[in-house]
Amino acid sequence: MKDIDFDKLKKEVEAELQSIKTQEEIENFRLKYFSRKSGVLNDILKSIKGLSIEKKKEYGKFANQLKIYIENEIEIKKESLKMEHIKNLEEEEKIDITAPGKKVFSGHIHPLTHIIRKSVDIFESMGFEVASGPEVETEFYNFDALNIPASHPSRDMQDTFWLDPKTVGPGFLMRTQTSSVQVRYMEKNNPPFRIVCPGRVFRKEATDATHEMQFYQIECLVVAKDMSLVHLKSVLELFFKKLLENEKIKVRFRPSYFPFVEPGVEVDVICFKCLGKGCPLCKKTGWIEIGGAGMVHPKVLDSAKIDTSEFKGFAFGMGIERVAMIKYGVGDVRLFYNTDMRMLKQF
Ligand code: FA5
């Protein structure tokens, strides 16, 4: 066996240790010296077996010292690499608490949602319960049960989106009015009751500044003993005073026709801008048309098997977009649906 130059070996080890920069390198270094199969130190220890006792002692001593030295250095190096890594992390993840904050953009609900929620809140404060029905409706609940005869123009293909009978069966449509919830509710609940039904409705109409193909309505229905138009008018007046936040708001009725009410009325609200004097908003009439209403037709109560000798009812339905247009001074209903943030951010 050749003589081993332990001083030279130690110098090599020192140089190698200095160049180590990562945990992976230190592991490779450890394997180079201590691997069972081909580790440098293991080879030395194996090779001294056959030497004389004196040489064995001398080489064994040096080999052992070198082994302890390398093991210590590996631990020291590992620890210093770990500390360096933590220091780098601290540097990378440092938070500058003096940096100016980033502005959080907070959005808000859509103006139509606001009107719906506010309307529902007001009706609830008057003891109304919220009711709902499906948007895909049957001909029965949208028309027949509401005393709308087959010959009525609103059943015409131009007004109603009928669903393909081959796909869903006959008589299905997209509801054209929230009045369809009336009979659905009355079938399952006994009077007296008062309900409010907000929801989306659909009409196959050409769109213009005041007409959309889909829009929102709010319906209210009260069935109880001794109901009259006086109750209807006072409920509506209170509702619009709160909705438009003006105590001077008045409501007027004009005779009208809806097959499911008798008598039927068109509901006008006094122009909240000019309070009846006449201005561009109300087209100089002093009043703004807002919805339809009336006393529930006895045939509709009959459809729901309600005893008309004991109970009477009133109903009201209005378009949410029209109310929003008036409240916010928006001239075109389509602006609510085109998702232009410049428009929506104003509310
Ligand atoms: C009805 O839909 C009745 N169901 C209202 C009613 C309820 C009467 C209860 C009696 C008793 P009308 O078709 O007029 O009525 O529509 C009611 C409101 O919906 C209108 O006053 C208007 O504000 C709104 N509206 C109607 N068509 C459109 C449309 N295409 N786009 C936007 N809003 C509309």
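The values are calculated or read from the model by the stated rules, or taken from the named source; none is laboratory data. For clarity, every value in this text was computed on a predicted model and none was experimentally measured. Counting neighbours? That spans all protein chains shown, and the Cβs are built from the backbone with ideal geometry, glycine included. In case anyone asks, the SASA skips ligands and DNA or RNA and just uses the protein heavy atoms, side chains included. Shrake-Rupley method; radii C 1.70, N 1.55, O 1.52, S 1.80 Å.
Mind checking which pairs have a first residue in segment 1-20 that is farther than 11 Å from residue 66 by Cβ and a second that is open to solvent by 80 Å² or more (accessible area, probe 1.4 Å), Cβ under 9 Å, 6 or more apart or different chains? So the pair list comes out as 16/32; 17/76; 20/28.
Against the conditions (1) in contact with a Ser or Thr (Cβ under 6 Å, 6 or more places away or on another chain); (2) more than 26 Å from residue 258 (Cα to Cα); (3) of a type in the set (D, E, K, R), residue 117 satisfies every one except (1). Kindly indicate whether residue 78 is open to solvent by 100 Å² or more (accessible area, probe 1.4 Å) and without any contact (Cβ under 8 Å) to a residue 60 or more places away in the chain. It is false that residue 78 is open to solvent by 100 Å² or more (accessible area, probe 1.4 Å) and without any contact (Cβ under 8 Å) to a residue 60 or more places away in the chain. Determine if segment 271-279 includes at least one residue that is closer than 25 Å to residue 177 by Cα, at pLDDT 90 or above and more than 8 Å from the ligand (Cβ to nearest atom). No; the residues of segment 271-279 include none that is closer than 25 Å to residue 177 by Cα, at pLDDT 90 or above and more than 8 Å from the ligand (Cβ to nearest atom). From the list 224, 131, 150, 206, the one residue that fits, being open to solvent by 60 Å² or more (accessible area, probe 1.4 Å), small (Gly, Ala, Ser) and away from the ligand (no atom under 13 Å from the Cβ), is 150. Residues of segment 296-327 that are surrounded by 15 or more Cβ atoms within 10 Å (Cβ to Cβ) and either assigned to a helix (DSSP H, G or I) or outside the structural domain of residue 207 (by TED's automatic domain parsing) (or both): 298, 300, 301, 303, 320, 321, 322, 323, 324, 325, 326, 327.
Scanning segment 238-282 for residues that are open to solvent by 40 Å² or more (accessible area, probe 1.4 Å) and of a type in the set (A, V, I, L, M, F, W, C) returns 238, 253, 258, 272, 275, 281.
Entry remark, segment 166-203: residues being among the polar types (S, T, N, Q) and open to solvent by less than 30 Å² (accessible area, probe 1.4 Å) number 6 in total.
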